[in-house]
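Computed from the coordinates by the stated procedures, all read-outs in this text should not be read as laboratory data. Owing to the predicted nature of the structure, the values given are computational and were not obtained by experimental measurement. Heads up, the Cβs are rebuilt from the backbone with ideal geometry, glycines too, and the neighbour counts pull from every protein chain shown.
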Amino acid sequence: MNQRLIEPLTVPPDADVRVPGSKSLTNRALVAAALARGTSVLEGVLFADDTEAMLTALQALGVGVTVDHDAERVVVEGLDGAVPAGPTDLDVRLSGTTARFLAPLLALGRGPYLLDAAPPFRARPMGPLFTALRDLGVTIEEQGAPGHLPAVFTSAGVRGGRLTVPADVSSQFLSGLLLSAPLFPEGLEVAVATDLVSRPYVALTTAVMAAFGARVEAADDGMSYVVAPTGYRAADYRIEPDASAASYFLAAAAITGGRVRIPGLGRRAHQGDVRFADLLGRMGAQVAWSADAVEVRGTGTLRGIDVDMADVSDTAQTLAAVAVFAEGPTRVRGIGFIRHKETDRVGAVVAELRRLGIDAREEDDGFVVHPGAPTAGVVHTYDDHRMAMSFALLGLRVPGIVIADPGCVAKTFPDYFAVLESLRRAA
């Protein structure tokens, strides 16, 4: 397995860092544009394995797509909701958004469509979404374990109606249903039967839908949604920088006493993970916001916090890395559901911190990290891009930190290590 040694910074960074476009926004916008009437132009698109999985699948379904990697632009010729009939084989690779957004989209066609994934993703849950689609009249035949991919989808024409869905494992089940609902002849009413995890991602979904002309009414508590059968209209849409990706560089400033500014990601950003900067502020960093940027300056002092990260769970591993250098323990709560992500992210964080000599323990819904001096060692990444990116931060301060399988960052941020190295040049 490949490995990458992270060299400590010799001086704190002083940098404006450009991060790639949001994966979450890219894949949502691609679905809306694919189902829209007319031609859409998406700017600031992320090109990474997760979004390439979506692009390839949409092309296989007959969507006209023109890609300009250099300009970070994709032109999409919409289907106006008319998904061509199969048979069609689709591979979501390791992309949760692709799997969970495409499954409801397939209900708009006649099938048969085989939806499959790379072996690690086949272990991730799809059952709640399968149940909801069956309630809408879709025939789903699992080819392996019940409630998991691969599966064959066949539809006789979904009308829409009313559903009750759980959302305590992944908000992507709900987002996937909402994204296709404007094309259901009767629209869709969805009641959420459980606690809604990662609530900001559902708000992100409805914001993208609105940008493409859909009409969604959400209850104030976020526990019910009504989608009108408006269809989508084509749009020119600019994708924000990825807030989860930005968290690593903001954290780097906090732990090294440096300065990092992220242009294009300010207080008006749609992504919930921009709130990670505020957590750094609670820990003692200086945070400055403007309408179109966020800046973090390390003060040389960090303190542990007790925080519920249910709404910013993709940055929990980043906070774990910061917690190592704080004064006093940090407790992260509300994230038990991330055990079902690319890996058990609670167990993996604790195991790798302990591997490096840090006192950490698992709790049912999170973890506790006590500060300490990490020892040199190889960090196992479990084929999880966020494990690689977050634990690399330790190496900015501690010699001998080696990241195993660094190529796993290609899932969402292929150039991550090059951008991390740019902090050294900007120091």
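Please get the size of the charge dipole for region 23-238, origin at its Cα centre, with Cβ charges of +1 on Lys and Arg and -1 on Asp and Glu, quoted in debye to the nearest 20.
The dipole of region 23-238 has a size of about 280 debye.
With contacts defined as alpha carbon pairs under 8 Å and 6 or more residues apart, what's the relative contact order of the chain in percent?
18
Using +1 at the Cβ of each Lys and Arg and -1 at the Cβ of each Asp and Glu in the chain, identify which of ALA326, TYR248, TYR201 lies farthest towards the dipole's positive end.
So the residue we want is ALA326.
Taking the Kirkwood radius as the inverse of the mean 1/r across Cα pairs, report the Rg/Rh of region 23-238.
Using Cα coordinates only, the ratio equals 0.93.
What is the dipole size for the chain, taken about its Cα centre, with +1 at each Lys and Arg Cβ and -1 at each Asp and Glu Cβ, in debye to the nearest 20?
Once rounded to the nearest 20, the dipole reads 420 debye.
For the chain, what does the alpha-carbon gyration tensor say about shape, rounded, prolate or oblate, given a ≥ b ≥ c as the root eigenvalues, a/c under 1.5 as rounded, and a/b over b/c as prolate?
prolate
For the chain, build the charge dipole from Cβ charges (+1 Lys, Arg; -1 Asp, Glu) around the Cα centre, then report which of SER170, ALA99, PRO112 sits farthest towards its positive end.
The residue sitting farthest along the positive end of the dipole is SER170.
Roughly how large, in nm² to one decimal, is the mean projection of the convex hull of the alpha-carbon atoms in region 39-111?
4.6
With springs only between Cα atoms under 10 Å apart, run a GNM on the chain and tell me which of ASP16, ASP221, ASP344 wobbles the most.
Between ASP16, ASP221, ASP344, it is ASP221 that shows the largest mean-square fluctuation.
Treating only the Cβ of Lys, Arg, Asp and Glu as charged (+1, +1, -1, -1), what charge dipole size does region 190-253 show about its Cα centre? Round to the nearest 20 debye.
200
Taking every DSSP beta bridge that has both residues in the chain, what percent is antiparallel when rounded to the nearest 5?
65
Calculate one ³J(HN,Hα) per residue across region 143-152 by plugging θ = phi - 60° into the Karplus curve 6.51 cos²θ - 1.76 cosθ + 1.60, and present them in order as whole Hz with x for glycine and proline.
Listing the rounded values in order: 9, x, 5, x, x, 9, 7, x, 8, 9 Hz.
Anyone know which of ALA118, ALA15, ALA243 comes out most mobile in the 10 Å Cα GNM of the chain?
It is ALA118.
Taking the Cβ of each residue in ASP384, ASP236, ASP311 as the centre, tally the other Cβ atoms inside 10 Å and list the residues starting with the fewest.
ASP236, ASP311, ASP384
Dipole of the chain (Lys/Arg Cβ +1, Asp/Glu Cβ -1, origin at the Cα centre): which of VAL63, ILE262, PRO414 lies farthest to the positive side?
ILE262
Report, in cubic angstrom per residue, the convex hull volume of the C-alpha atoms of region 209-295.
112
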